[in-house]
Amino acid sequence: MMARSQGLFWLALQLSVAAAGAAGALLSAPAGGLLFLVLLPLNIVTLKKGWDARDNPQRNKTLADGLAVAGLLAFPALVFSHGLMTALGALLLATTLALNVQLNHYRKFYLLQLVSFVLLLVGAAEADSGSYLLVMAAYCLLAAFSLSEAWLDRGAATADLPGPGAGQRAGMALLSMALAVIFYLLIPRLAPLHWGAQESSAADFYQNSAWEGSARQSFADPYQPPAAPQNSSQQQYDQLQEITDLSQINHDGYHYDGFNESFDIRNPERSGLVDLNAVVARMKATHGTYLKVRTFDTFDGSRWHSAREDISRKLHTDRSGKAVINPAAEQQAAATRFRYTITIEQPMPAWLPVAPDPVALWVPSTVIALDQFAQPLLPGMLQPGMRYTVSSTYERQDKRLVSHATAAGKADLQLPRDFDSRILRLAYQVTAAGKNPYEKAQLLEQHLRNGYEYSFDSVLSSQGYTPLSRFLFDDKQGHCEHFASAMTIMLRSLNIPARLVTGFSASSQNPLTGYFEIRAIDGHAWTEAWIDGRWVTFEPTAYYRLPDGQPGTSVAEQISRYAEDIQHRQQQAGAGEFSGSALLGSLWLMLSHGVILLLAFLRLLLVSLWPLWLLLALAGVLAWFSRRYWLPPLYAAISRWKIKHYQPRDAAAALRFYLWHLQRISQCRLPARPSSQLLHEWLLQVQQVYGEQAALQRLAELVDAVIYAGQQVDTEEIRRLVAEVSFSHR
């Protein structure tokens, strides 16, 4: 039975912090703070009630059962209204309150610790900000205080012990956190299981009666475009503009010209009224990817647009919000698909960013539309807090994304009227060594990545020049729209169908939260080429890298990559602006590079001098097994050196020092003296092995006189007697 009540306050704080942290991650930071203010007094009251009834916990059984039943009843309701994780958190919260009023033994105390830890993990699984580390640090500190009180419980006789000081408990908490950080940095990140992972939610459910009236349940082939637009009226066109082109309305959301009906590559606006480093969306996934938003097939020399806009195809969603885009692909093994969940943080156009090729998606809407390239969109702008899940095929070739979208047509070979013949000559020159379209596309990609410089600031303007010509032959620097446009047009000049695609580069994973952070500056353009009956992704912009289909081997590697991404973004978004995240990223890179250099140096030593290390290892093994022969003489030599250089100042300390080292010297032929053996008994053993030692006997008499009788003795006499002691063989 519990004997100490001192730990209940720390336990109440610990439980409240865990629950509030989970609520802050699942709902919002204000909701977490409010829940903490409510839970702290509630936990204190229920724990006090359990403590008062610790001799007879049955007194609170009715209350405990009521709390447990309330949690069970709330669980299914919250599953359908707020999702599985929120319902699980509420159930765990009810469990803690039920255990509080029945707390009479430390077994239940440790069960509460386990429940609170699960609550902490629930919050960690949903946290999308590194500030959750503060919650984890506070939890660890409070756990050190409450667990130390549990350790002190030894029955009623020890109930009044004060226990360790605050400094000792805080030190233990810091040590635990340091070990956890080291463990976290070194272990590989495991892939998520993804069972029950489809999520879809929004503050306002998306509905459109006009869309629903023409919607179908499925399309046999989503990549076969309709023969002709079914709705071409000005009203339908205006509706499309309203939900997709934020530049046409006064809105403070995220804006990128590449998501409009058309855009000018000379100076495409990006971010709108949102800071370039602001997070506009977050993606929960096993690895990074490119998220497609718009596809363009027609270029007039400065502007891209689609040959036709058509969103006449509509799909109904079922009760769970699921819409099957590709029924044939859905029948294939689920293990070959890539599932990810995206949360919108800033208002954006209605086009849903998805990885190629979407098979099914779960959205908070009764209906979706597909454009002429089978890209999905909702009947309204994407609002902050809106969350949807997508399952894509995610086929790759040489680490390149492959899409089976709408097949190539005449528009995918279209060239501008004032096409510069120098571009054609350059394309032929660069691809001369290519044996097939794929090799030629690779050569063009490498030429642009290696021979041109990425610059986020637009350095080009029309001024009577074709933008691509000036980019390719004069300035040789530009932003991603120039690189992607140049590669697309050069591929077309070689009679290889190509398209320009805009979307997001979702490749920067926050290692603390696990989310891939999509920022305003990540709006991107790249090229797709029609090769062997499918669209293959190419990345001609040097600043960007193709997303890795595999997660990092360790968290430390992911942190280094994340820090590099922050530095790159800071350089492109504003070189003169101060950024705390960029500063922390720089410090981390300096630290990691220093560690890498040290490890590289150690590895060099190990590899180049391996015969020496092998010899030393063999010598070490031999020395360990023969230590009984060489270790006592070594200790004796060290003790003789210390005796020779010792300057005694106090007789009692000198006697202890000399006798301890004389005992070590005698161990060359005698066993070590046990702590229970009297000094005179040890002297008898010495005389049997080394002969009679009058000086040792006199030292023993001085020990009795100084240590036990408190007499004063000249330290010079002690030094003289020690010098007379001899442990030579008889």
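Just so it is clear, none of the values below were taken in a lab; they were calculated from the coordinates. Keep in mind the model is a prediction, meaning the values are calculated, not measured. With ideal geometry, Cβ positions are generated from the backbone for all residues, glycine too; neighbour counts draw on all protein chains shown.
Mind listing the long-range amide H neighbours of Ala405? Cut-off is under 5 Å, sequence gap 5 or more, other chains count too, H placed in the peptide plane at 1.01 Å from N.
Residues meeting the criterion, in which the H sits 1.01 Å from N, are Trp535.
Under 1.5 on a/c is rounded, so check that first for the range 65-132, then, if it is not, pick prolate when a/b is larger than b/c and oblate when it is not; a ≥ b ≥ c are the square roots of the alpha carbon gyration tensor eigenvalues.
Details: a/c = 3.63, a/b = 1.24, b/c = 2.92.
Oblate is the answer for the range 65-132, as a/c is 1.5 or above yet b/c matches or exceeds a/b.
By count of other Cβ within 10 Å, fewest leading, how are Cys480, Cys668 ordered?
On the way: Cys480 25, Cys668 15.
Arranged by neighbour count, lowest to highest, Cys480, Cys668 become Cys668, Cys480.
With a Förster radius of 45 Å, plug the Cβ-Cβ distance of Arg308 and Ser131 into 1/(1 + (r/R0)^6) and report the FRET value to the nearest 0.05.
Numbers: r = 47 Å, r/R0 = 1.04.
Computed FRET efficiency for Arg308 and Ser131 comes out at 0.45.
For the range 1-95, what is the relative contact order in percent, using Cα pairs closer than 8 Å and at least 6 residues apart in sequence? Each step should come with its number before you reach the end.
Values: 76 pairs, mean separation 23.0, N = 95.
Normalised by residue count, the contact order of the range 1-95 is 24 percent.
Most exposed first by the Cβ proxy, i.e. fewest other Cβ within 10 Å, how do Lys292, Lys314, Lys61 rank? Walk me through the numbers before you get to the answer.
Values: Lys292 27, Lys314 21, Lys61 14.
Fewest to most other Cβ atoms nearby, the residues stand as Lys61, Lys314, Lys292.
Would the range 7-186 count as rounded, prolate or oblate if I go by the C-alpha gyration tensor, calling it rounded below 1.5 in a/c and otherwise prolate when a/b exceeds b/c, oblate otherwise? Don't jump to the answer; show the numbers that get you there.
Details: a/c = 2.19, a/b = 1.07, b/c = 2.05.
The shape class here is oblate.
Please report how far the C-alpha centroid of the range 644-689 lies from that of the range 508-524, rounded to the nearest whole angstrom.
68 Å
Using a Cα-Cα cut-off of under 19 Å, which lysines could be cross-linked to Lys644, ignoring same-chain neighbours fewer than 8 residues away?
Excluding near neighbours in sequence, the set is empty.
Each residue of the range 716-728 in turn: what ³J(HN,Hα) in whole Hz from Karplus with 6.51, -1.76, 1.60 and θ = phi - 60°, glycine and Pro shown as x?
Those phi angles translate into 5, 5, 5, 5, 5, 5, 5, 5, 7, 5, 10, 10, 6 Hz.
So what is the relative contact order for the range 26-161, in percent, with contacts set as C-alpha pairs under 8 Å and at least six apart?
On the way: 99 pairs, mean separation 33.5, N = 136.
Rounded, it is 25 percent for the range 26-161.
Compute the separation of the alpha-carbon centres of the range 51-109 and the range 383-433 and state it in Å as a whole number.
Cα centroid of the range 51-109 versus Cα centroid of the range 383-433: 56 Å apart.
Glu395's amide H: which non-local residues (gap 5+, or another chain) put their own amide H closer than 5 Å, with H modeled 1.01 Å from N in plane and none for Pro or chain starts?
Asp357, Val402
Can you list the HN-Hα couplings for the range 98-113, worked out from phi with the Karplus curve (6.51, -1.76, 1.60; θ = phi - 60°), rounded to whole Hz and with x for Gly and Pro?
Karplus-based 3J(HN,Hα) across the range 98-113 equals 5, 6, 4, 6, 10, 6, 9, 8, 6, 4, 6, 4, 5, 5, 5, 4 Hz.
Could you tell me the largest-minus-smallest coordinate of the C-alpha atoms of the range 627-724 on each of the three principal axes, in descending order and whole angstroms?
Extents along the principal axes: 41, 28, 23 Å.
Which of the trypsin sites (Lys or Arg not before Pro) across the range 376-485 are loop residues per DSSP, with 11 or fewer other Cβ within 10 Å? Can you show the working numbers first?
Working: sites: Arg387, Arg396, Lys399, Arg400, Lys410, Arg417, Arg422, Arg425, Lys435, Lys440, Arg449, Arg470, Lys476; in loops: Lys399, Arg417, Lys435, Lys476.
Passing sites in the range 376-485 are Arg417, Lys435.
Would you kindly derive the ³J(HN,Hα) couplings of the range 275-286 from the backbone phi angles with the Karplus curve 6.51 cos²θ - 1.76 cosθ + 1.60 (θ = phi - 60°), listing them in order in whole Hz, with x for Gly and Pro?
Whole-Hz 3J(HN,Hα) from phi for the range 275-286: 4, 4, 8, 6, 6, 9, 6, 10, 10, 9, 7, 7.
Could you pull out every residue, at least 5 positions away or on a different chain, whose amide H is within less than 5 Å of the one on Tyr515? Hs are placed 1.01 Å off N in the peptide plane, and Pro or chain starts have none.
Asn510
Could you tell me which of the pairs Lys61/Lys108; Lys292/Lys399; Lys284/Lys314 are separated by over 19 angstrom between their Cα atoms in the structure shown? Working shown, then result.
Details: Lys61/Lys108 14 Å; Lys292/Lys399 17 Å; Lys284/Lys314 27 Å.
Correct reply: Lys284/Lys314.
When only DSSP loop residues count, what GluC sites (Glu not before Pro) in the range 655-730 have their Cβ near at most 13 other Cβ atoms within 10 Å?
Working: sites: Glu681, Glu692, Glu701, Glu716, Glu717, Glu724; in loops: Glu692.
Within the range 655-730, the qualifying GluC sites (Glu not before Pro) (loop, at most 13 other Cβ atoms within 10 Å) are Glu692.
Assuming R0 = 30 Å, what is the FRET efficiency of Leu174 and Ser675, from their Cβ-Cβ distance, to the nearest 0.05? Don't skip to the answer; put the middle values down first.
Values: r = 36 Å, r/R0 = 1.19.
E(calc), rounded to 0.05, equals 0.25.
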